[in-house]
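Just below is one structure, and these are the notes that go with it.
The values are calculated or read from the model by the stated rules, or taken from the named source; none is laboratory data. Source: prediction; values computed, not measured. Cβ placement follows ideal geometry from the backbone for every residue including glycine, while neighbour counts extend to all protein chains displayed. The accessibility values were calculated without ligands, DNA or RNA, using every heavy atom of the protein model including side chains. Shrake-Rupley method; radii C 1.70, N 1.55, O 1.52, S 1.80 Å.
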Amino acid sequence: MDWNAILYDNKHAFVYAKGDSLLEMLRPQSHERILDLGCGTGFLTNEIAKSCQYVLGIDSSQEMVAKAKTEFPELDFQVANAIEFQASEPFHAIFSNAVLHWILEPEKAVKRFYQNLVPRGRLVLEFGGKGNIHNIIETLNQVIIAFGFHIKPISKQWFFPSISEYTTLLEHQGFEVQHAELFDRPTPLDDAETGIIDWLSMFASGFLGHLEKDVQEQIKQQTQENLKPLLFKENTWFADYRRIRIIAKKIDA
Ligand code: BEZ
């Protein structure tokens with residue numbers, strides 16, 4: 001995943017702009033060390049930093065981390081991924097917004113969370129849950145088929161679990177789940193002309209990247225057109241996001 005950090009900030013600010021209330025659920029304390037997993041360009045890391053002793057932002061994208069360091073030079077950021085990152089000192093909390101659906105080996109990530117937390121440390125997580133972007137992907141797939149190409153399984157791109165699927169993983173690892181919810185969050189996209197096309201350009205290369213550029217553009221255009229009755233309202237495009245939100249505590253081994 002090598003995202004364009006400028007496009008991310010200019011056209012996809014909704015990714016972190018929706019993180020506010022998750023931050024309220026984190027409730028950082030002044031003595032705490034907190035890990036912001038998948039920090040992107042560092043906006044929420046900076047918010048967390050205002051109330052805790054130390055925060056580290058990690059992201060698997062070098063470009064994002066470079067931008068975060070430029071924006072917030074007083075904070076610590078590191079290029080690292082959820083599965084491999086090993087903390088030198090454990091954290092009181094791991095916070096993650098809009099990232100974990102990219103991790104296709106969630107049991108490995110959950111194991112790492114456990115290792116990187118102090119006893120009774122907590123997870124505060126939000127990401128795409130079961131049914132996330134159903135209309136976008138369903139419509140994209142219909143258009144790809146209509147153009148005569150094969151479709152790729154969504155499970156090879158993203159992990160959108162149900163509550164039971166994810167909480168079971170956590171419990172098996174030794175977490176106690178204190179809060180779990182799955183809810184619709186139709187999310188406005190920035191551009192009234194090209195909202196879905198931009199979204200697909202940013203995120204759907206796993207479905208389209210192997211096709212000729214001009215075919216990709218035609219498919220994106222057609223997908224947007226077909227989605228209009230479903231996702232275009234009051235002159236605004238909405239992504240049909242569904243969020244899973246979890247708070248869980250590490251139980252003493
Ligand atoms: C999401 O935030 O739900 C998401 C973003 C990009 C691709 C897939 C899902």
Determine the shape class of the stretch 60-134: with a ≥ b ≥ c the square roots of the Cα gyration tensor eigenvalues, call it rounded for a/c under 1.5, and otherwise prolate if a/b is greater than b/c, oblate otherwise. oblate
Springs between alpha-carbon pairs under 10 angstrom, Gaussian network model over the chain: which of HIS92, HIS31, HIS101 fluctuates most? HIS31
Stokes-Einstein D (µm²/s) once Rh is taken as the Kirkwood radius of the chain over alpha-carbon pairs, at 10 °C in 1.306 mPa s: 84
If the only charges are +1 at each Lys and Arg Cβ and -1 at each Asp and Glu Cβ, what is the size of the charge dipole of the chain around the Cα centre, to the nearest 20 debye? 580
Which one, SER205, HIS172, GLY128, is farthest towards the positive end of the dipole of the chain when Lys and Arg carry +1 and Asp and Glu -1 on their Cβ? HIS172
Using only Cα atoms, tell me the angle between helix 134-146 and the longest principal axis of the chain; keep it within 0 to 90° and round to the nearest 10. 40
Over the chain, what percent of the accessible surface lies on carbon and sulfur atoms, probe 1.4 Å? 49
Can you tell me the dipole magnitude for the stretch 164-214 around its Cα centre, using point charges on the Cβ only (Lys, Arg +1; Asp, Glu -1), in Debye to the nearest 20? 120
In what order, largest first, do GLU107, GLU234, GLU181, GLU193 sit by accessible area if the probe radius is 1.4 Å? GLU234, GLU193, GLU107, GLU181
Counting only residues 5 or more places away or on other chains, whose amide H sits under 5 Å from the amide H of ASN132 once H atoms are built in the peptide plane? ARG242
Say we join alpha carbon atoms closer than 10 Å with springs in a Gaussian network model of the chain; which of ASP76, ASP214, ASP240 then has the biggest fluctuation? ASP214
Let me make sure I get this right: for the stretch 103-227, a, b and c are the square roots of the gyration tensor eigenvalues over alpha carbons, sorted descending. Under 1.5 in a/c it's rounded, otherwise prolate if a/b > b/c, else oblate. Which is it? prolate
Only sites in a loop by DSSP and with at most 14 other Cβ atoms within 10 Å count here; which trypsin sites (Lys or Arg not before Pro) in the stretch 48-122 make the cut? LYS50
For the chain: accessible area per residue (Å², 1.4 Å): 48
Under the Karplus curve 6.51 cos²θ - 1.76 cosθ + 1.60, θ = phi - 60°, whole-Hz ³J(HN,Hα) for the stretch 191-203, x wherever Gly or Pro sits: 9, 5, 8, 10, x, 6, 4, 4, 4, 5, 4, 6, 10
Using Cα atoms only, what is the angle between the long axis of helix 62-71 and the major principal axis of the chain, expressed in degrees (0 to 90) to the nearest 10? 70
For the stretch 78-226, what's the relative contact order in percent, using C-alpha pairs closer than 8 Å and at least 6 residues apart? 23
My understanding is that a pair violates if its Cα-Cα distance is over 25 Å; which of LYS50/LYS249; LYS156/LYS213; LYS156/LYS228; LYS50/LYS108 do that in this structure? LYS156/LYS228; LYS50/LYS108
Keeping all protein chains in place and using 1.4 angstrom, which order do LYS220, LYS213 fall into by accessible surface area, from largest down? LYS213, LYS220
Can you give the relative contact order of the chain as a percent, counting alpha carbon pairs under 8 Å and 6+ residues apart? 21
